[in-house]
Amino acid sequence: MVSGCLAKIVSSDTRHNFLLHYLAAIGVLLLTPAIFGVSRLDEVLAAQPLEIFLPLMGAILLPAVFMPEQNESIRDVVRSKKTAYLGVCFLRLILSVLLIAVLTGAFMLYMKNMDSKVSLRLFAGSFATALALGSAGFFASAVSDNVIVGYMTSIIYYMANFGLKDKLKVFYLFSMSTGKFGDKHWLYILAAVLVAAGFAYRKFVKER
């Protein structure tokens, strides 16, 4: 019964609210090899497409979690359902995170097939970058109730990494491309804090 309800939510959200976002994320995946070489790369060079471009999937998917309810009529419908509103949002978030993981893994298999040196730490680093970049927009979207603000926040964070490397320190997104593989856990922490703060704001401030 519960699984059937969840399946209906996922199916409805995908068809009516997030299909274009999922297609855009796949578009990033397909566009990456057209921008970056992916053949016969060592681990440092392989990190460049994996953390400089592929994580844009996070910036596309995560800020959109609260998007449908910007429409008041949709918000009223969602709140009238038995399933808790924030529960629906959490399900959307999980689905987006899983999609990022699957697409990142698929792209790494493609790179491996092209004789590039890929590894689990490259996957973990790329995934962390996508989550950190997306969670910045997620938090801004949760607080502002405006997905455009969320997208802009992710873009600003992304662009800052091209000129503020020293100021961002452990929250610098492109560390693997410089040969540093040990700082990515800070991005996981950042993503967890921003997501938790976003949900907390919606629960204890916005929804009251």
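For segment 162-177, take each phi angle, set θ = phi - 60°, evaluate the Karplus expression 6.51 cos²θ - 1.76 cosθ + 1.60, and give the result in whole Hz per residue in order, putting x for glycine and proline.
8, x, 10, 3, 5, 6, 6, 6, 6, 9, 5, 7, 10, 5, 5, 5
Tell me the carbon and sulfur percent of the accessible area for segment 95-203, rounded to whole percent, probe radius 1.4 Å.
Numbers: 3740 of 5190 Å².
That fraction is 72 percent.
Give, as a single signed number, the net charge of other residues whose beta carbon lies under 12 Å from the beta carbon of Val170, with Lys and Arg counted +1 and Asp and Glu -1. Before the final figure, lay out the partial values.
Values: positive: Lys165, Lys167, Lys169, Lys180, Lys184; negative: Asp166, Asp183.
The answer is +3.
What are the ³J(HN,Hα) values, in whole Hz, obtained from phi via the Karplus relation 6.51 cos²θ - 1.76 cosθ + 1.60 with θ = phi - 60°, for each residue of segment 182-190 in sequence order, with x given for Gly and Pro?
Per-residue couplings from phi come out as x, 9, 5, 4, 5, 6, 4, 5, 4 Hz.
Classify segment 147-208 as rounded, prolate or oblate, taking a ≥ b ≥ c as the square roots of the eigenvalues of its Cα gyration tensor: rounded when a/c is under 1.5, otherwise prolate if a/b is larger than b/c and oblate if not.
Values: a/c = 3.58, a/b = 1.82, b/c = 1.97.
Oblate is the answer for segment 147-208, as a/c is 1.5 or above yet b/c matches or exceeds a/b.
Binned at 10 Å from 0, what are the whole-percent values of the Cα-Cα distance distribution for segment 94-182, short to long?
Values per bin, smallest distances first: 16, 39, 34, 9, 1.
Just to check I understand the Karplus step: with θ = phi - 60° and J = 6.51 cos²θ - 1.76 cosθ + 1.60, what whole-Hz values come out for segment 32-49, glycine and proline as x?
Values per residue, Gly and Pro as x: 3, x, 7, 9, 10, x, 10, 9, 6, 9, 6, 5, 5, 5, 5, 5, 4, x Hz.
The values are calculated or read from the model by the stated rules, or taken from the named source; none is laboratory data. As the structure is a computational prediction, the values presented were derived from the model and not from experiment. Here Cβ is always computed from backbone atoms with ideal geometry, including for glycine, and neighbour counts include all displayed protein chains. For accessibility, only protein heavy atoms count, side chains too; no ligands or nucleic acids. Shrake-Rupley method; radii C 1.70, N 1.55, O 1.52, S 1.80 Å.
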